[in-house]
Amino acid sequence: MSSSPILAIHSISKSFGSTKALDSVSFSVEKGSIVGLAGENGAGKSTLIKILCGVHKPDSGTLELRGEAYRPKGPEEAEKRGISVFHQEIPVCPHLSVAANVFLGPTMPGKGLSPDWKRMNEECRRLYADLLGEDIDPTRLVRDCSTAETQLALLVRVLSRNASFIILDEPTTALTPPEVERLFTIIRRLRDRGVTFLFVSHMLEELVSLCDSIVVFRDGSFIGSLGKGEFDTRAISSMIAGRRLETVVRRTVKPRGETLLQVRNLGLGGEFDDVSFSVARGGILGIAGLAGSGRSAIARALFGSPPADSGTILIDGKECRISSPAEAIGHGIGMVPEDRKKLGLFHHLDVKLNLCMPGIDRFSGGAFVNERKLRQATVRASQDVHIKMSGPDAPVSSLSGGNQQKVLIARWLALRPRLIVMSEPTRGVDVGAKQEILALIQDLADQGYSFIIASSEHEELLRLSDDILVMSKGRMKTLLPGDKATKDDLVLASST
């Protein structure tokens, strides 16, 4: 490994409005090394990647690439300077061959006005053998390739264009363990030939296995770096989590003891398997885990969208089948979805119709809806959950994100549900609204409502939950008591 840095980052800062995404970040990356970048969601990793590939401009600070000033105007210029980014969503043309995807663009070999397929296929075979040490059928359509094979085609694409610094953004999310090891073997081979990698991942075991050094971000700041021999999963998780949560205000009122919901060996093909837990009346169960761990899929399955395909669900000790949202509602279950804009709200309608939609038949008289009753119900509900609005007839799109989220909560309270399932309940709301929503959930639980909350926000799970189910790679990793769990516990369990 060379001791000369290929990339030097000096006091880079970037803000979006009042949110400081990066705060005077500085570190360097040595040529021919694999550097891990770790941190929770919102730590600043994605912002740094976008600055490196020219999507964002830093507000202050400087970058140096191979000892020269580096300030790309866009991804095309970054690629010309040798920096390429692999995102979680792979940009390919599925109906074209592997060779066509490798050479797609101005570098595609041609014969007159047509592609030179023979030369392209031969060159593709040579590149795979030289760069990856693997054989390839260059005529195979990408739509018939696995995710791992598609990733390798893109890797060959950028390497054929002289990429020397490759950013891998969560590249293993959709890979099986053998595919991960195959990818890591190729990355190490390329590292030994002088290619530099910045490997971004939430999976701590992968960071420890692959990287020569690891850089940790937290809340937009550079926390520190660890060299080979200095890091293990526990050390990294401690740096990621920090010690700020020792003062977290936890829920003090315990549920009343009666079991409302029991879930036994629940599973959904391709999402999660063999999950078991229970929720007491007035209880709050938190579900933690990384994206793709099964965390959000469990929440959706409990609302029948889509339903689980194995296991048992019991409510008040009686087995029940939840095969659709209508059946879930019939069993007294409401759902506040992860993406309120796409899955929760009717943006073209006003507040009263959004709030009363699940029980709209209660306000119908024949073919017409009783507008007066709708308004009265909306005013009562808005007072209960403190929705700030100009009136029941206001467009729901005119409300702030926090108040829109309160509309979704109030929507179910009007039906007096037994259980409210929430996925990312405070996503996209400001700090003040977040505290209001968390306090509202605590207050409703104290009144006897039960909650299941799937969230990537460890702090809110620690504040709210009686127990926290931690998911990893579709499996139930552990069930932690909410009054004793720490942020460090959640980071470690969900990342290994």
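The values are calculated or read from the model by the stated rules, or taken from the named source; none is laboratory data. Note that the coordinates shown come from a computational prediction; the quantities given were computed from them, not determined experimentally. As a convention, Cβ positions derive from the backbone with ideal geometry for all residues, glycine included, and neighbour counts pool all protein chains shown. Quick note on the areas: whole protein, heavy atoms, side chains included, nothing else; ligands and nucleic acids left out. Shrake-Rupley method; radii C 1.70, N 1.55, O 1.52, S 1.80 Å.
Residue-wise test of (1) basic (Lys, Arg); (2) touching a residue at least 12 places away in the same chain (Cβ under 8 Å); (3) assigned to a helix (DSSP H, G or I).
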site: Val102; (1), (2), (3): no, yes, yes
site: Met120; (1), (2), (3): no, yes, yes
site: Glu123; (1), (2), (3): no, yes, yes
site: Arg126; (1), (2), (3): yes, no, yes
site: Asp130; (1), (2), (3): no, no, yes
site: Ala148; (1), (2), (3): no, yes, yes
site: Val156; (1), (2), (3): no, yes, yes
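Restricting attention to strands (runs of 3 or more DSSP E) lying wholly within the stretch 425-485, give those where 2 or more residues are in contact with a helix residue (DSSP H, G or I) (Cβ under 7 Å, 6 or more places away or on another chain) and open to solvent by 10 Å² or more (accessible area, probe 1.4 Å).
On the way: elements: 450-454, 467-472, 475-481.
Filter on the stretch 425-485 gives 475-481.
Considering each residue of the stretch 41-80, count those that are more than 19 Å from Val215 (Cα to Cα), in a loop (DSSP other than H, G, I, E, B) and open to solvent by less than 70 Å² (accessible area, probe 1.4 Å), and give that number.
Just the residues of the stretch 41-80 that are more than 19 Å from Val215 (Cα to Cα), to begin with: 54-60, 66-80.
Those still in the list that are in a loop (DSSP other than H, G, I, E, B) too: 54-59, 66-67, 70-74.
Within this subset, residues satisfying the condition of being open to solvent by less than 70 Å² (accessible area, probe 1.4 Å) are 54, 56, 58, 67, 70, 72, 74.
So the count comes out to 7.
For the stretch 298-310, indicate whether the set of residues that are among the aromatic types (Phe, Trp, Tyr) and within 26 Å of Phe277 (Cα to Cα) is non-empty. Steps first, answer last, please.
Step one: list which residues in the stretch 298-310 are among the aromatic types (Phe, Trp, Tyr), which gives 303.
If we keep only those that are within 26 Å of Phe277 (Cα to Cα) as well, we get 303.
So far as the stretch 298-310 goes, yes, one or more of its residues are among the aromatic types (Phe, Trp, Tyr) and within 26 Å of Phe277 (Cα to Cα).
Quick grid of which residues meet (1) in contact with a helix residue (DSSP H, G or I) (Cβ under 7 Å, 6 or more places away or on another chain); (2) among the basic types (Lys, Arg):
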position: Ile322; (1), (2): yes, no
position: Asp339; (1), (2): no, no
position: Cys356; (1), (2): yes, no
position: Met389; (1), (2): yes, no
position: Ser397; (1), (2): no, no
position: Lys406; (1), (2): yes, yes
Inset, instruction - Sort out which residues of the stretch 370-403 are farther than 20 Å from Thr426 by Cα and part of a loop (DSSP other than H, G, I, E, B), and write them in order of number. - result: Asn370, Ser390, Gly391, Pro392, Asp393, Ala394
Legend entry - Residues being surrounded by 15 or more Cβ atoms within 10 Å (Cβ to Cβ) and farther than 15 Å from Gln404 by Cα - total across the stretch 373-388: 4
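Filter the stretch 288-318 down to the residues that are of a type in the set (S, T, N, Q) and assigned to a loop (DSSP other than H, G, I, E, B), then identify the one that is surrounded by the most Cβ atoms within 10 Å (Cβ to Cβ).
Initially, the stretch 288-318 is screened for residues of a type in the set (S, T, N, Q), giving 293, 296, 305, 310, 312.
So of that shortlist, the ones also assigned to a loop (DSSP other than H, G, I, E, B) come out as 293, 305.
Numbers: Ser293: 25, Ser305: 16.
So the residue we want is Ser293.
Has the stretch 86-103 got at least one residue that is under 22 Å from Lys31 (Cβ atoms) and at pLDDT below 90?
Restricting attention to the stretch 86-103, the residues satisfying the condition of being under 22 Å from Lys31 (Cβ atoms) are 86.
Now restrict to residues that are at pLDDT below 90: 86.
Among the residues of the stretch 86-103, at least one is under 22 Å from Lys31 (Cβ atoms) and at pLDDT below 90, which makes the answer yes.
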Legend entry - Yes/no for Thr172 being in a loop (DSSP other than H, G, I, E, B) and over 15 Å from Ser84 (Cβ atoms): yes
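So in the stretch 160-217, with the set limited to residues that are among the acidic types (Asp, Glu) and closer than 25 Å to Asn101 by Cβ, which one is surrounded by the most Cβ atoms within 10 Å (Cβ to Cβ)? Step through it out loud before you land on a result.
The first filter runs over the stretch 160-217 and keeps only residues among the acidic types (Asp, Glu), leaving 169-170, 179, 181, 192, 205-206, 212.
From what is left, the residues that are closer than 25 Å to Asn101 by Cβ are 169-170, 179, 181.
Details: Asp169: 18, Glu170: 20, Glu179: 17, Glu181: 14.
Residue satisfying both the conditions and the ranking: Glu170.
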Inset, instruction - Could you tell me whether the stretch 353-372 includes any residue that is crowded, with 17+ Cβ neighbours inside 10 Å and in contact with a Pro (Cβ under 7 Å, 6 or more places away or on another chain)? - result: no
Legend entry - Those residues of the stretch 5-38 which are free of Cβ contacts under 8 Å to residues at least 60 places away in the same chain and of a type in the set (A, V, I, L, M, F, W, C), in sequence order: Ala8, Ile9, Ile12, Phe16
